[in-house]
Amino acid sequence: MRILNQPGNRKLLVISAAVTALGFGICCLFSIPSALILLCVSLTVTAAAIAVRRSEDDRILELCDTIDKVLRGDDTFVINSFTDGNISILATEIQKMTVRLREQNSALETEKRFMKESLEDLSHQLRTPLTSMMLILNNIRSRKDAGQLSRSLRELMGLLAQMQWLIETMLNISRIDAGAMTLRIENVSCRELIRKAEETVSVSLELKGITMHTEVKGEPELNCDVKYLTEAVINILKNSMEHTPEGGEITVELEENPIYTGIMITDTGTGIPEEDIDQIFSRFYRSPHSHSSGFGIGLAFARRIIAMHNGVIKAGNSSQGGAQFDIRFYKTVV
């Protein structure tokens, strides 16, 4: 009775019965055996059609059950039972869609974890200078000496500058990640670019007694956003300064050839531990071997800016043991 309750099967039976009755009536006028043969064939065809239809319905129900399991979180999607016909094509397309949705969900979960970790790291980085500022302010309340007040105010200004730099850098990285940063490209001499960067860090270089040399082969030039690329170079120089002892040196080598324009920054510091080389450009990464007070985002920002200029940066150590940053801006896409 379940077979007869299905509309498609009832139509098959009605059509088959009508054809059989018509053929039977015609054949009876000529030959009874012929009528019986036609009746048997018609019934056989009808039964086969119903069986095929029932098989397709069962496979559709099985496919619906599989989809329902996926919607409930079951990661398995087996299409072995859907081996041929339109049902198999449909099952394959549904499987492709399921895999794609799974990948998108995984990417969203990864991004969610990354945002959570970034906010936690940012909160931690801001908490340190804020705590220091509160301590300084409490000390100011009990101080009467003008010289002490002046020193405390300078310390506060320095901490505020650090916080401002951190927030601006994080905002710039977010703009890059969102594809919302627009570069203002202009032609600039690499020598001038390095001069601007050196000018920014000159006071820090002097205080630490670090000497900076620039070696230029020819007159290399770049088509770049001067502001952001200069800032990227400054971040690399600051990293080198933090790990170079007093009286050390930083050397910047500039070159240009038919393939790329290169900037090589080498210091005479302690170098980069082998296990840190692959992580040094990661956001908020701080080496367990380092005693630097940096935030761990300067190099991450530098790499993103360099990449936006069709460039690559690699970190390593020089033959003398100091850190070495090799930046190359390719003249064609690589």
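Every number here is computed from the coordinates shown, using simple stated rules; none is lab data. In this text the structure is predicted, and so the values were computed from the model without any measurement. Methodologically, a virtual Cβ is constructed for each residue, glycine included, from the backbone with ideal geometry; neighbour enumeration extends over all protein chains shown.
The figures follow:
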{"item": "Listed pairs Lys208/Lys238; Lys69/Lys96; Lys112/Lys227; Lys217/Lys331; Lys196/Lys217; Lys238/Lys314 exceeding 23 Å between Cα atoms", "result": "Lys112/Lys227"}
{"item": "Modelled FRET efficiency - R0 51 Å, Lys69 with Leu130, Cβ distances, 0.05 increments", "result": "0.50"}
{"item": "Ordering of 181-193, 297-309, 97-109 by packing [mean C-beta count within 10 Å, highest first]", "result": "297-309, 181-193, 97-109"}
{"item": "Peptides ranked, highest mean first, by Cβ atoms within 10 Å: ranges 311-323, 196-208, 127-139, 240-252", "result": "240-252, 311-323, 196-208, 127-139"}
{"item": "Shape category assigned to the range 147-261 from the gyration tensor of Cα positions, a/c cut at 1.5", "result": "oblate"}
{"item": "Per-residue ³J(HN,Hα) for the range 193-210, Karplus 6.51 cos²θ - 1.76 cosθ + 1.60, θ = phi - 60°, Hz, x for Gly and Pro", "result": "4, 5, 4, 4, 5, 5, 4, 5, 9, 4, 5, 5, 4, 5, 5, 8, x, 9"}
